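K.L.:
Here you go, one structure.
Bear in mind these aren't lab numbers, they're just calculated from the coordinates by the rules spelled out. Bear in mind the structure is a predicted one, so any value in this text is a computation, not a measurement. As a convention, Cβ positions derive from the backbone with ideal geometry for all residues, glycine included, and neighbour counts pool all protein chains shown.
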Amino acid sequence: GDSVTQTEGPVTVSESESLIINCTYSATSIAYPNLFWYVRYPGEGLQLLLKVITAGQKGSSRGFEATYNKETTSFHLQKASVQESDSAVYYCALGTGANTGKLTFGHGTILRVHP
Amino acid sequence: DPKIIQKPKYLVAVTGSEKILICEQYLGHNAMYWYRQSAKKPLEFMFSYSYQKLMDNQTASSRFQPQSSKKNHLDLQITALKPDDSATYFCASSRTRLGETLYFGSGTRLTVL
C-alpha cells in the first residue's frame, strides 16, 4: 500500500535558523500522487499548509516551501528562517487523486522553536 | 471560531463500554470523514461520507459505526471498547468528495482503561 515516511521528531531549532523536515513517499496505487503538508498548532485541528499536484513543481506558504521530486519520491519541507510561532506538528501526506478524500499520512514531526 | 466542532475533547471509557464521538461542521461542506491517530502510528483514514451516504470504509471492525443525522453532522459510535481503541479521533470535511483539501477538527482523545 501507499506510505509516507518523515523526519522523526521532535526537531528543535532556534528562532531565525533554517529548517528542513524530510518526507519520502511510496505510492503503489498511482504513479504521481498529490502531495501535501498539513500543520497542527497546539489545541487546533490540522490545517493545510501547502499542496502540490504536479511533479517537479514547488508549493509555498507562510515562508515554507516544498518541491515535488518524483525521481527521489520526496517532498521535503523547508523554511529559511523559522519563528517561535512555527512550533507545531507537521504532517506530510499523499493523495491518490481518486477523489475519495482519503489521504495517507506520515507520523507527524513535532517542531519546537526556541526564542 | 472553530468551523469543525468535535465533542468531547477528552474521553475516558472502560473496556466493554460504548461511546459516541460528536462532529459538526459549519463550512457548508458535503463530504465528511473520520481519521484516527493511535500512539506511534500515523493518522489513518477510517470513513468517508458524501451527502450523508457512506462512500468508503477502511475500518475492519463493525464496532465502529458512523452516524449522519444531518448533512453537517457525522458522529462516530464505538461499541465494546478495547484498550487498543485508545487514540485521537479526528473529524474532517471537504467541499465535495472530489477534493483532497481537508479541514480538520481538533480531535477527541479517547482513552480506554
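K.L.:
Within 9 Å of chain B (Cβ to nearest Cβ), within 30 Å of B:PHE47 (Cα to Cα) and more than 13 Å from the chain's Cα centre (by Cα): does that describe A:GLY45?
P.N.:
Criteria met by A:GLY45.
K.L.:
Please work out which one of (1) without any contact (Cβ under 8 Å) to a residue 12 or more places away in the chain; (2) farther than 25 Å from A:GLY9 by Cβ; (3) within 13 Å of chain A (Cβ to nearest Cβ) is the condition B:PRO42 fails and give its number.
P.N.:
The number of the failed condition is (2).
K.L.:
In addition: Among the residues of region B:54-70, which ones are more than 8 Å from chain A (Cβ to nearest Cβ) and either part of a strand (DSSP E or B) or in contact with a Gly (Cβ under 9 Å, 6 or more places away or on another chain) (or both)?
P.N.:
B:LEU54, B:ASN57, B:PHE64, B:GLN65, B:PRO66, B:GLN67
K.L.:
Say we look at region B:19-37 and pick out the residues that are under 13 Å from the mean Cα position of the chain (by Cα), within 12 Å of chain A (Cβ to nearest Cβ) and not aromatic (Phe, Trp, Tyr); which of these is nearest to B:ILE4 (Cα to Cα)?
P.N.:
B:GLN25
K.L.:
Same structure, new question: Just wondering, is there one or more residues in region B:72-86 that are exposed (fewer than 14 other Cβ atoms within 10 Å of the Cβ) and either aliphatic (A, V, I, L, M) or closer than 20 Å to B:ILE22 by Cβ (or both)?
P.N.:
The answer is yes, given that some residue of region B:72-86 is exposed (fewer than 14 other Cβ atoms within 10 Å of the Cβ) and either aliphatic (A, V, I, L, M) or closer than 20 Å to B:ILE22 by Cβ (or both).
K.L.:
Would you check if A:LEU35 is buried (at least 20 other Cβ atoms within 10 Å of the Cβ), more than 9 Å from chain B (Cβ to nearest Cβ), in contact (Cβ under 8 Å) with a residue 12 or more places away in the chain and not in a loop (DSSP other than H, G, I, E, B)?
P.N.:
For A:LEU35, the condition - buried (at least 20 other Cβ atoms within 10 Å of the Cβ), more than 9 Å from chain B (Cβ to nearest Cβ), in contact (Cβ under 8 Å) with a residue 12 or more places away in the chain and not in a loop (DSSP other than H, G, I, E, B) - is met.
K.L.:
Ok, one more. Could you please find all residues in region A:38-57 being surrounded by 14 or more Cβ atoms within 10 Å (Cβ to Cβ) and over 29 Å from B:GLY105 (Cβ atoms)?
P.N.:
If the condition is that a residue be surrounded by 14 or more Cβ atoms within 10 Å (Cβ to Cβ) and over 29 Å from B:GLY105 (Cβ atoms), then A:ALA55 is the only one that fits.
K.L.:
For region A:70-115, give me each residue that is more than 14 Å from chain B (Cβ to nearest Cβ), of a type in the set (S, T, N, Q) and surrounded by 15 or more Cβ atoms within 10 Å (Cβ to Cβ).
P.N.:
Hits for region A:70-115 are A:THR73, A:SER74, A:GLN78, A:SER87.
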